[in-house]
Structures are given as C-alpha cells and as structure tokens.
1. Restricting to region 121-145, name every residue that is in contact (Cβ under 8 Å) with a residue 24 or more places away in the chain and more than 16 Å from residue 174 (Cα to Cα).
2. Among what's in region 91-112 and is hydroxyl-bearing (Ser, Thr, Tyr) and part of a loop (DSSP other than H, G, I, E, B), pick the residue that is nearest to residue 226 (Cα to Cα).
3. Determine which single condition residue 79 fails, assuming it passes every other condition in (1) closer than 24 Å to residue 177 by Cα; (2) of a type in the set (Val, Ile, Thr); (3) without any contact (Cβ under 8 Å) to a residue 40 or more places away in the chain.
4. Here is a list: 115, 28, 35, 128. Which entry is closer than 22 Å to residue 230 by Cα and surrounded by fewer than 18 Cβ atoms within 10 Å (Cβ to Cβ)?
5. What helices (runs of 4 or more DSSP H) completely inside region 131-239 contain at least 3 residues that are at pLDDT 90 or above, surrounded by 13 or more Cβ atoms within 10 Å (Cβ to Cβ) and of a type in the set (D, E, K, R)?
6. List the pairs whose first member sits in region 195-206 and is under 12 Å from residue 228 (Cβ atoms), whose second member is open to solvent by 40 Å² or more (accessible area, probe 1.4 Å), and whose Cβ atoms are under 7 Å apart, counting only residues at least 6 apart or on separate chains?
7. Can you tell me how many residues in region 218-237 are in contact with a Gly (Cβ under 9 Å, 6 or more places away or on another chain) and free of Cβ contacts under 8 Å to residues at least 24 places away in the same chain?
8. Of the conditions (1) in contact (Cβ under 8 Å) with a residue 40 or more places away in the chain; (2) touching a Gly at 6+ places or on another chain (Cβ under 8 Å), residue 86 clears all except one; give me its number.
Amino acid sequence: MLFLPKFTKTSPKTDICPFYLPMPLLSTQTLSAETLLGLWHIKESVAELEEALLYLRPNHALPDFKAESRRREWLAVRVLAYSLLDQLSADKTIITREETGQPVCVAGGFQVSLTHSGPWVAALVSGTYQVGIDIETRGTKVPRLVAKFLSEEELTASQTDPVKMHLYWSAKETLYKAYSRKKLLFKENLLLENVNVQPTGQFKGTVQTHNFRHTYDVHYIVDPEYVLTYVLAPLEAEL
C-alpha cells in the first residue's frame, strides 16, 4: 500500500497543550489507525519549547547541549512526537534511547522514529509498524559526501542529480533506523533501486547482512527545502 502524506494543520484539542497547537507549521498526517507522521518547521525559542515539553511530560529530563540549535531540535522533535503519541492514547509514555541510539518508548508498545535537519523536525509513531524516518535539508553537504555512502551503481545513477543524492542519503538513514539493531555499512548493507524522482513516491530499499535480508518500500517527499523519507515495516519481521 502506498502512503503519501498530505500534511494538514493540526486542529487544537482542549486536552493537548494549547501553547503549541495553534502554530501554523505543526502538521500531521494519519497513515493508518495507529500510525501518525508529523512535520514541524521550528521558529520557537528554547524557552518556549521547554515549556511545551514540560507541559506534555512534567517530569521529563531536559537536555544539556552546548549548541542552542541542537537543544532546540532535540526539544522540538520530542514535543512533536509526544503530541502524536498522545493523539494515539499512548498513556504518557516517555521516549528514551536504546544502546544502539535508537529512540524507544518505555511503555505502551509504540514504535517511534525521530529526525531533524536545520529548522525542520519530523516524527513517525506507530502501534502497528516498525518505523524509520529521515529528513534532510537540501544544500551542498550531501553532494560532497556521496562517495562515502553510495554504492558504485547508486553513485552513477545520481551523480548529475543533487536531489536524488539527497533522496538516497535520506533513504539510507531511514533504512538504518528501521533496521535498528546493529551498525551497518551504508555502501554494502543498504542498497537502493534506481528511482525516477517525483514530488512524492516510493521505491525499494534493501537491508542485507550476513544473516538478514529484507526489502522495504521507502516512501518519499521532495520539497524545495527538504527531502523526507520513511518506512513502515511489519513488526514481526525477523531482524
């Protein structure tokens, strides 16, 4: 099944923090009965985001980052994720991190994936799928690094197309998060089929190791400012 988000402004709810819901760039998309995707363009201050986070989770630990930009991203993506989880009645579960670095809900059985790039943050939460999501702000960084993460075939397919380079990088980050079990070599363990890039669509991406191989549908959105990819995988997949 093809899931293509058409983001809409979140409608205020009296049981959710009134502080951030009226903000025009907080948007959500329902992908299934228990799966929500959220996108947010950050314009709020660190103080405003801390207020929102502590409204949603009063006992939540706050980050201690030297860079204010990193602190804002960390706060915003969690405010977004908790607003989505609360819409799914996730019983105020807290997001922590596994040893692999992947975010995980302490209780409730919900899967969560978080991403941020510059002023953009996105979150994908689900009670029925293993999830992965990534957003990449379009710029000059990714084209400079492609030789480090693309196979020869992928490099040939994208070398004249910066948008495809961003899409491939984002897709590999998403597959890495969906797999979520051990370190992977982006060139060798994450393989992508060639894609004729459109504003929205999907293509195949494969995770393969010495004892595992699975092909996923990678859904994507290409925006003038960013590229976003995500994966919804069966929870019963043997990883």
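1. From region 121-145, those in contact (Cβ under 8 Å) with a residue 24 or more places away in the chain are 121-138, 142, 145; that's our starting set.
Passing the criteria: 127, 128, 138, 145.
2. By that ranking, first place goes to 100.
3. (3)
4. On the way: 115 fails: surrounded by fewer than 18 Cβ atoms within 10 Å (Cβ to Cβ); 28 fails: surrounded by fewer than 18 Cβ atoms within 10 Å (Cβ to Cβ); 35 fails: surrounded by fewer than 18 Cβ atoms within 10 Å (Cβ to Cβ).
Result of the check over 115, 28, 35, 128: 128.
5. On the way: elements: 141-149, 152-158, 162-179, 186-189.
So the answer is 162-179.
6. Filtered contacts from region 195-206: 200/4.
7. 0
8. (2)
The values are calculated or read from the model by the stated rules, or taken from the named source; none is laboratory data. It should be emphasised that the depicted structure is a prediction, and the values quoted were computed from it without experimental measurement. Every residue, glycine as well, gets a Cβ built from its backbone with ideal geometry; the counts of neighbours run over all protein chains shown. The accessibility values were calculated without ligands, DNA or RNA, using every heavy atom of the protein model including side chains. Shrake-Rupley method; radii C 1.70, N 1.55, O 1.52, S 1.80 Å.
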